[in-house]
Amino acid sequence: MNLKLVKWGAITAVLIGLFFYLRHSNKPQVFTGPSTITNNGNSLVVHQPGKPDTTVYQPKPDTTVVTTDPHGNVTVKVRQFGVGFDPGIGIAGCDKLRLTLDSRVVYYKRLGLNVGLAFSLDAERTIGDAVKPFLAASYALPFKHLSNTSVMAGMTLDQYIIAGIRVAF
């Protein structure tokens, strides 16, 4: 059997297994008794009398669902893992300073996997030097006023290391 085929099959199996494992992080949290919920940028703060406050990070705030039942229990369902299209613009250093347009395609809490294009800020003669496709890991900053800002690091297709900062649209 071809060794390359076995290697790609193993990588595919691991990625599928990781996907199903991370889907379990989307389980709802239940808070018993009366609760006060405030939205604090990209996080929810749940306050219950006599208990410490609980902060729940929401990577995509538009997918959060808060419900109550007749007994006063509050259920908060936040998608902590998912796949989607979250575009952003940024600036990064590679072989030189570049403007980036990218999208976070997979996320788990504050971590993300981004694909994008890095554009040269200088006048270039060839398209290969002017535009570099890249794959990067990103981390959403935990500060309230920078809730849509991430730092990222990764590699371009021609093996340059790229690192920078991005802002989601």
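With the structure loaded, tell me whether Ala136 is out of contact with any Phe, Trp or Tyr (no Cβ under 8 Å at 6 or more places or on another chain), of a type in the set (Gly, Ala, Ser) and free of Cβ contacts under 8 Å to residues at least 24 places away in the same chain or whether it fails that test. So Ala136 fails the test. Just to be sure before I move on: is Val65 surrounded by fewer than 14 Cβ atoms within 10 Å (Cβ to Cβ), closer than 30 Å to Gly33 by Cβ, assigned by TED's automatic domain parsing to the domain that holds Thr36 and touching a strand residue (DSSP E or B) at 6+ places or on another chain (Cβ under 7 Å) in the structure I sent? It is true that Val65 is surrounded by fewer than 14 Cβ atoms within 10 Å (Cβ to Cβ), closer than 30 Å to Gly33 by Cβ, assigned by TED's automatic domain parsing to the domain that holds Thr36 and touching a strand residue (DSSP E or B) at 6+ places or on another chain (Cβ under 7 Å).
For the stretch 6-25, the criterion of a residue being hydrophobic (A, V, I, L, M, F, W, C) and more than 25 Å from Tyr108 (Cβ to Cβ) is satisfied by at least one position.
Checking Ile161 against (1) surrounded by fewer than 13 Cβ atoms within 10 Å (Cβ to Cβ); (2) in contact (Cβ under 8 Å) with a residue 40 or more places away in the chain; (3) over 19 Å from the mean Cα position of the chain (by Cα), which test does it fail? Here Ile161 meets the rest and fails (1).
Screening Phe134, Phe119 for residues that are touching a helix residue (DSSP H, G or I) at 6+ places or on another chain (Cβ under 9 Å) and surrounded by 12 or more Cβ atoms within 10 Å (Cβ to Cβ) leaves exactly one candidate, Phe119.
Only strands (runs of 3 or more DSSP E) wholly contained in the stretch 97-169 count here; list those with 3 or more residues that are under 15 Å from Pro87 (Cα atoms) and not aliphatic (A, V, I, L, M).
On the way: elements: 97-108, 111-120, 131-140, 149-156, 161-168.
Counting at least 3 such residues, we get 97-108, 111-120, 131-140.
Find all pairs meeting these conditions: Cβ atoms under 7 angstrom apart; at least six residues apart or on different chains; first residue within the stretch 29-47 and surrounded by fewer than 15 Cβ atoms within 10 Å (Cβ to Cβ); second residue among the basic types (Lys, Arg). Filtered contacts from the stretch 29-47: Asn40/Lys144.
Can you tell me which residue in the stretch 97-112 is nearest to the chain's Cα centre (by Cα), limited to those that are more than 19 Å from His24 (Cα to Cα) and surrounded by 15 or more Cβ atoms within 10 Å (Cβ to Cβ)? Step through it out loud before you land on a result.
Step one: list which residues in the stretch 97-112 are more than 19 Å from His24 (Cα to Cα), which gives 97-104.
Cutting the leftovers down to surrounded by 15 or more Cβ atoms within 10 Å (Cβ to Cβ) gives us 98, 100, 102-104.
Working: Arg98: 21, Thr100: 16, Asp102: 12, Ser103: 10, Arg104: 6 Å.
Out of the qualifying residues, it is Arg104.
Of the residues screened, Gln58 is not one that is in contact with a helix residue (DSSP H, G or I) (Cβ under 7 Å, 6 or more places away or on another chain) and either small (Gly, Ala, Ser) or surrounded by 13 or more Cβ atoms within 10 Å (Cβ to Cβ) (or both).
The residue list Val83, Val45, Val56 contains one member that is among the β-branched types (Val, Ile, Thr) and within 14 Å of the chain's Cα centre (by Cα), which is Val83. Number of residues in the stretch 143-158 that are out of contact with any Gly (no Cβ under 9 Å at 6 or more places or on another chain) and exposed (fewer than 13 other Cβ atoms within 10 Å of the Cβ): the value is 1.
When the stretch 14-63 is examined, which residues are found to be hydroxyl-bearing (Ser, Thr, Tyr) and closer than 20 Å to His145 by Cα? Spell out how you get there, then give the answer.
Within the stretch 14-63, the subset hydroxyl-bearing (Ser, Thr, Tyr) is 21, 25, 32, 35-36, 38, 43, 54-55, 57, 63.
Selection gives Thr38, Ser43, Thr54, Thr55, Tyr57.
The values are calculated or read from the model by the stated rules, or taken from the named source; none is laboratory data. Owing to the predicted nature of the structure, the values given are computational and were not obtained by experimental measurement. So basically every Cβ, Gly included, is an ideal-geometry build from the backbone, and we count neighbours across all protein chains shown.
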